[in-house]
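Structure, as structure tokens:
No value in this document is a laboratory result; all are computed from the given coordinates. The structure displayed is predicted, hence computed values, not measured ones. Cβ sites come from the backbone with ideal geometry, for glycine too, and all protein chains shown count toward neighbours.
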Amino acid sequence: MYHPSAYVLAHGLVQLPMMFALAAASLAPVFAIADWPWSAFPMHLVISATTLWAFEGAAQLFSLLPHPVIGLLTFIVTWFTGLLMNGFMLPAEKIFWPVRILTYILPLRWTVRASAYALFHDTPSYSGALNCSPSATDLSFCTKGFYCPGVPPQQCWGATGPQILTSLSQVYDVYSSDDASVWAILIICAWAVGYKVVYFQTLSKAITGEAPREPLDQHRISLNEQLSRTSSLLQLSRTSSIDLLPDSDEQHRSHARSAQRSQAAHAKRAIQKATLSRGLSRLSIAE
């Protein structure tokens, strides 16, 4: 039997490349259809792959719970908690302590923030917004450093990626014009590694070994004894006292022959069963 560390290591070496393949397969059509800038694709790929890796580790860990339904529900609750508290639906300041700490440590918040920065930072400039100086007296409506002619300030998001992120951050707490991609990847990978470590420890404790097998020689002796007894029974049935019966007692002779055939069939079945048991024992020992 292999050690749990060998299984966890081998599974991780296969799992991580598959997460990148899955992320690439899901992101490539979106970038092609939505015409997103392909310069943001590498960073999106790394962020999506590490996020999938983290939640794959969570699924592995929760699979060790006593009941599969409990593990499934625990995974759903973990994912939904991260979605609810990533700063998109509820601002962090609206969440009471100590629950607010989940907003800053769960991986989905950093996934959304780093993905948005990678996408909008490299996006081409949009038309319709003009730069302005808030200190100019004739542009008192210039509160963000830009404005859109003929459009209310609340509906003007900006022309460049950083301007759009700044506007989004005033509505959604998760967005920011500051680059936190490296920090986000480190936090997500920390969750993935943490899940793997706890999974390894739990798996090691769950595996307690197996019962010792019967020694090979003793097992062969028991089978040989069974075969010997069965052969003796078969030989005894063949040398029965049928021939000692008088020729006139034909009815008793017929009953004796029927009993002999029944004993012979029973002995043959016992021999076949013992032979099959010996073959299975050899297979189990070979494994």
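Listed by Cβ neighbour count within 10 Å, with the fewest neighbours leading, 93, 56 appear as 93, 56.
Rank the residues 178, 122 as a footprinting-exposure proxy: fewest other Cβ atoms within 10 Å of their Cβ go first. Walk me through the numbers before you get to the answer.
Numbers: 178 11, 122 15.
In order of increasing Cβ crowding within 10 Å: 178, 122.
Of 46, 14, 198, the sequence from fewest to most neighbouring Cβ atoms within 10 angstrom is 14, 198, 46.
Starting at 0 and stepping by 5 Å, how many percent of the alpha carbon pairs of the range 22-120 end up in each bin? The percentages, shortest bin first, are 2, 12, 18, 18, 17, 16, 10, 5, 1, 0.
Amide H contacts under 5 Å for residue 146: 132, restricted to partners 5 or more places along the chain or on a different chain, H placed in the peptide plane at 1.01 Å from N.
Backbone phi angles across the range 54-69, fed through the Karplus curve with coefficients 6.51, -1.76 and 1.60 (θ = phi - 60°), yield HN-Hα couplings of 5, 6, 5, x, 5, 5, 4, 5, 6, 5, 8, 5, x, 10, x, 5 Hz in residue order; Gly and Pro are listed as x. Within a Cβ distance under 14 Å of residue 100, other residues only, what is the Lys/Arg minus Asp/Glu net charge? It works out to a net charge of 0.
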